[in-house]
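The values are calculated or read from the model by the stated rules, or taken from the named source; none is laboratory data. What you see is a predicted model, and the numbers here were worked out from it, not measured in a lab. Here the Cβ positions follow ideal geometry from the backbone for every residue, glycine too, while neighbour counts run over all protein chains shown.
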Amino acid sequence: MTQSIQDVPVTTIEGQPASLADYRGKVLLVVNVASKCGLTPQYEGLQKLYVEKQAQGLEVLGFPANNFLGQEPGSEADIQQFCQLTYDVSFPMFAKISVAGDDVHPLYQQLIAAQPQAIGEGPMRERLAAKDLARPAPGILWNFEKFLIGRDGQVIARFAPDVTADDARVREAVDAALAA
């Protein structure tokens, strides 16, 4: 039997062992992030959503990944400093992991298996395909793909990289999960 998504070991950006079980009973928005991506300004919207909804039980969890054109080359310290100084990120960040390829982290293996299709899929895939960069579905397409996990630890939704945190589809799904 596979372990629960909440029990998959991860490491905080400070190097401490952790798991999603540390956030049991919360609604989680898990995002693979990168500091040098065209989508990096999404940190701003993610932070805003976090500040707005944290008291209601939302946690935004950032997982830096260097899988796409080397857009997250820095160390954990570099990433942490960039996020705090550039976007005032206060939501939990984790150590760099792989979200694509042969070495996909077990957390992302489970997230993808639980939700193979992303909401808002299309425009980003077409732009990447035009540059011969598109990945085969159901894998992670690019940086800033978002997975919404309910209070019960079940993956509820997956949003394409270019669906931002202030998109009505994300907000409605988060609000519904918080109300559940």
Need the failing condition index for Ile79 against (1) within 14 Å of the chain's Cα centre (by Cα); (2) aliphatic (A, V, I, L, M); (3) not in a loop (DSSP other than H, G, I, E, B), just the number. (1)
Report every pair of residues separated by at least 6 positions or lying on different chains whose Cβ atoms are under 8 Å apart, first residue within region 25-51 and over 17 Å from Thr86 (Cβ atoms), second modelled with pLDDT of 95 or more and of a type in the set (Phe, Trp, Tyr). Leu28/Phe147; Leu29/Phe147; Val30/Phe63; Val30/Phe147; Asn32/Phe63; Asn32/Tyr108; Asn32/Phe144
Suppose we filter region 105-138 for residues that are closer than 25 Å to Glu172 by Cβ, modelled with pLDDT under 90, exposed (fewer than 12 other Cβ atoms within 10 Å of the Cβ) and of a type outside the set (D, E, K, R); how many remain? 1
Filter result (among the β-branched types (Val, Ile, Thr), surrounded by fewer than 22 Cβ atoms within 10 Å (Cβ to Cβ) and within 19 Å of Gly25 (Cα to Cα)) within region 154-180: Val155, Ile156
Odd one out for Pro64 among (1) in contact with a Lys or Arg (Cβ under 6 Å, 6 or more places away or on another chain); (2) within 20 Å of Asp162 (Cα to Cα); (3) surrounded by fewer than 21 Cβ atoms within 10 Å (Cβ to Cβ): (3)
Any chance Tyr50 is closer than 18 Å to Phe159 by Cα and aromatic (Phe, Trp, Tyr): yes
